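K.L.:
Structure incoming, see below.
The values are calculated or read from the model by the stated rules, or taken from the named source; none is laboratory data. In this text the structure is predicted, and so the values were computed from the model without any measurement. Methodologically, a virtual Cβ is constructed for each residue, glycine included, from the backbone with ideal geometry; neighbour enumeration extends over all protein chains shown.
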2 protein chains.
Amino acid sequence: MNNENLNVAIVGATGAVGTKILEKLLERKFPAKTIKMLASKRSAGTEISAGGQTYIVEETVPESFEGIDIAFFSAGGSVSQKFAPEAVKRGAVVIDNTSAFRMEEGVPLVVPEVNPHMLNEHEGIIANPNCSTIQMVAALQPVKEKFGISRIIVSTYQAVSGAGAEAIDELEAQSKEFQERSNSKADILPSASAAKHYPIAFNAIPQIDMFDDSGYTLEELKMMNETKKIFGDQNLAVTATCVRLPVVTGHSESVYIETDDVNATVEDIQSAMKGASGVVVQDDPSTQTYPMPLFAEGKDEVFVGRIRKDPKHPGGFHLWIVADNLLKGAALNSVQIAEELIK
Amino acid sequence: MNNENLNVAIVGATGAVGTKILEKLLERKFPAKTIKMLASKRSAGTEISAGGQTYIVEETVPESFEGIDIAFFSAGGSVSQKFAPEAVKRGAVVIDNTSAFRMEEGVPLVVPEVNPHMLNEHEGIIANPNCSTIQMVAALQPVKEKFGISRIIVSTYQAVSGAGAEAIDELEAQSKEFQERSNSKADILPSASAAKHYPIAFNAIPQIDMFDDSGYTLEELKMMNETKKIFGDQNLAVTATCVRLPVVTGHSESVYIETDDVNATVEDIQSAMKGASGVVVQDDPSTQTYPMPLFAEGKDEVFVGRIRKDPKHPGGFHLWIVADNLLKGAALNSVQIAEELIK
């Protein structure tokens, strides 16, 4: 790919992630000659201002992708299913932020700090992993590289912004109903398309996305399957419980790992992570230093703390991993994939 | 003990748990002839109304325990340290809800559904376990009995009411600051006595109680050590991560267990629990049925759902366990201990 003067498109331009992709492209001075903002017919004509310029949103049609070099997709799985092949057909490389193609063969699933080499094998579509997966594999990669990891058991603490702008509005409205909290109006969470909705304010909902026949949610299965694909290790034992919290932005994860090196210490784990790109260790109990979602909002990095050794199981460690789910979990990682692609 | 016409005292009578102990004694028709409400000098004279009667709070002094048969303590560890021996000296049996004596030899640590037999070995003081421990062992006991449990890895999602009435007020005030949430005033959490305080609204704080040199918090160590003592199994591998959430009442726990029976199924686990006293299985993904803290508030039972088999580890299961931390986690369990004692 010509690595200058690129024509870029963002599908889902009016969404939370689409807007942040535009911001990150500008902030990181991505060499785009043009940026075309695409969305549904309903949003066509919307003006988006960023970096001193105004972008006018156009309706997405197959012809939108004529002459496009890189197309970011973040408008839901069905839009990707419909238009990503049209973009590829016209010569664009698609970086897809939905789950539509993630597990397909021939579609690299990439976190640039972890498996950039997979980019060489794409056939037009590159998938951006699920938000909760990205921050976990980014933090664990240096540990895996140095000590090996055979097992991961993760419980998540996920923010509502992962469910879109309406979920944020719902949390804000419900948060005012402190006294009447169990009767709060709920229309969006756990999933807009679910039959039942529950208040998220002052609650924890152990359902993100819909259920599979196995009893796991699709969110949990994404974490389990995507982690194995990204790490290129189908024998890795990964299992997950995903929970939605009354947090606006910032996913947290209580991650338990078993390393292959039973002699690894907390200091070993910390020092492996300290050298890693995009990872910040915030881990000092003596000063109450640990990551929290409220302070990760708006930050690019993945934050790790509460690193502890399991007293009963050699090689077992706990970690507390926090990141902005809209940035490293979505928009930033997509833009980093594009940067890696044109290197 | 004479099992009728008992003289009962509640130390910490004005606190959240003390009030609930009184309520549970009345609701469950505990055979108390008198109930003496005790607190600090500051609270002496306070009137507490319950069950159509008014109780006047008295200052706690050693002589308060003359003639008392059962004394419930829930006024902090230092109050228990000072006055529990005075109560025992005067012939009372102490049921202590603080962590003051829990790990001492000769002090039974009791959840009546799990280890009632330990009550025979008390020397005057019986300890009520930590809230997060009680609900976990109550739910796991039927599984342990039927299939054996060798390992527990738990991540908690804990409510602010565990940190007292001031923490509830703080959450309510901060919840109104949706836009300015990262600048919310914080004075109580993670721990009133900690050097630093962080907002809990729209956040998750991975610190409950203070840190030990091991990097674990005292709350985490309580779960780990108390579980082994209650189950009477020092070889049990238990490890915990404890996290505070913007939830008013109701602790949730993502619990991963390894059973000894590698052939156990989800249905086996469910049916073992369905027969257990005090445990309610709420587990049907097809109807989005699972426990949530917002709906456990005010309920006596321990609720369990999201029971799933680890696809990679035979015998490994996930459970999602929720209970009212002020009731089964504190007041109710204390009253149940008293009931067991006079059986």
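K.L.:
If residue B:202 passes every condition in (1) part of a loop (DSSP other than H, G, I, E, B); (2) at negative phi; (3) at the interface with chain A (Cβ under 10 Å from one of its Cβ atoms); (4) not charged (D, E, K, R) but one, which one does it miss?
P.N.:
It fails just one condition, (2).
K.L.:
Something else: Quick one: would you say residue A:190 is facing another protein chain (nearest Cβ under 8 Å), at pLDDT 95 or above, touching a His at 6+ places or on another chain (Cβ under 8 Å) and under 24 Å from residue B:171 (Cβ atoms)?
P.N.:
yes
K.L.:
How many of the residues making up the stretch B:156-169 are of a type in the set (D, E, K, R) and within 12 Å of chain A (Cβ to nearest Cβ)?
P.N.:
Total meeting the criteria: 1.
K.L.:
For the stretch A:1-41, which positions are in a loop (DSSP other than H, G, I, E, B) and not hydrophobic (A, V, I, L, M, F, W, C)?
P.N.:
A:2, A:3, A:4, A:5, A:12, A:14, A:15, A:28, A:29, A:31, A:40
K.L.:
Next question, about the same structure. What's the total number of residues in the stretch B:173-183 that are at the interface with another protein chain (Cβ under 9 Å from one of its Cβ atoms) and either buried (at least 16 other Cβ atoms within 10 Å of the Cβ) or on the phi > 0 side of the Ramachandran plot (or both)?
P.N.:
4
K.L.:
Quick one: is residue B:150 in contact with a strand residue (DSSP E or B) (Cβ under 9 Å, 6 or more places away or on another chain) and either surrounded by 24 or more Cβ atoms within 10 Å (Cβ to Cβ) or assigned to a helix (DSSP H, G or I) (or both)?
P.N.:
Taking the combined requirement at face value, the residue does not satisfy it.
K.L.:
On to the next question. Please verify whether the stretch B:44-60 includes one or more residues that are among the charged types (D, E, K, R), farther than 23 Å from residue B:343 by Cα and in contact (Cβ under 8 Å) with a residue 12 or more places away in the chain.
P.N.:
Yes, because at least one residue in the stretch B:44-60 is among the charged types (D, E, K, R), farther than 23 Å from residue B:343 by Cα and in contact (Cβ under 8 Å) with a residue 12 or more places away in the chain.
K.L.:
Could you tell me which numbered condition residue A:114 fails, if it satisfies all but one of (1) under 21 Å from residue A:297 (Cα atoms); (2) in a loop (DSSP other than H, G, I, E, B); (3) out of contact with any Gly (no Cβ under 6 Å at 6 or more places or on another chain)?
P.N.:
Residue A:114 satisfies all of (1) under 21 Å from residue A:297 (Cα atoms); (2) in a loop (DSSP other than H, G, I, E, B); (3) out of contact with any Gly (no Cβ under 6 Å at 6 or more places or on another chain) except (1).
K.L.:
Name the strands (runs of 3 or more DSSP E) wholly inside the stretch A:275-335 in which the number of residues that are under 22 Å from residue A:143 (Cβ atoms) and at the interface with another protein chain (Cβ under 8 Å from one of its Cβ atoms) is 3 or more.
P.N.:
Of the strands (runs of 3 or more DSSP E) lying wholly inside the stretch A:275-335, those with at least 3 residues that are under 22 Å from residue A:143 (Cβ atoms) and at the interface with another protein chain (Cβ under 8 Å from one of its Cβ atoms) span A:302-309, A:316-323.
To keep it simple, each residue is scored yes or no on (1) more than 17 Å from residue B:287 (Cβ to Cβ); (2) in contact (Cβ under 8 Å) with a residue 60 or more places away in the chain; (3) touching a Pro at 6+ places or on another chain (Cβ under 8 Å).
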position	(1), (2), (3)
A:166	yes, no, no
A:170	yes, no, no
A:178	yes, no, no
A:195	no, no, no
A:201	yes, no, yes
A:225	yes, yes, no
A:231	yes, yes, no
A:234	yes, no, no
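K.L.:
Please verify whether the stretch A:238-255 includes one or more residues that are more than 11 Å from every other protein chain (Cβ to nearest Cβ) and farther than 26 Å from residue A:171 by Cα.
P.N.:
Looking for residues that are more than 11 Å from every other protein chain (Cβ to nearest Cβ) and farther than 26 Å from residue A:171 by Cα, one finds none in the stretch A:238-255, hence no.
K.L.:
Which one of B:239, B:249, B:217 is without any contact (Cβ under 8 Å) to a residue 40 or more places away in the chain, touching an Asp or Glu at 6+ places or on another chain (Cβ under 8 Å) and on the phi < 0 side of the Ramachandran plot?
P.N.:
B:217
K.L.:
Does the stretch B:75-83 contain any residue that is exposed (fewer than 14 other Cβ atoms within 10 Å of the Cβ), in contact with a His (Cβ under 9 Å, 6 or more places away or on another chain) and not assigned by TED's automatic domain parsing to the domain that holds residue B:162?
P.N.:
No, every residue in the stretch B:75-83 fails to be exposed (fewer than 14 other Cβ atoms within 10 Å of the Cβ), in contact with a His (Cβ under 9 Å, 6 or more places away or on another chain) and not assigned by TED's automatic domain parsing to the domain that holds residue B:162.
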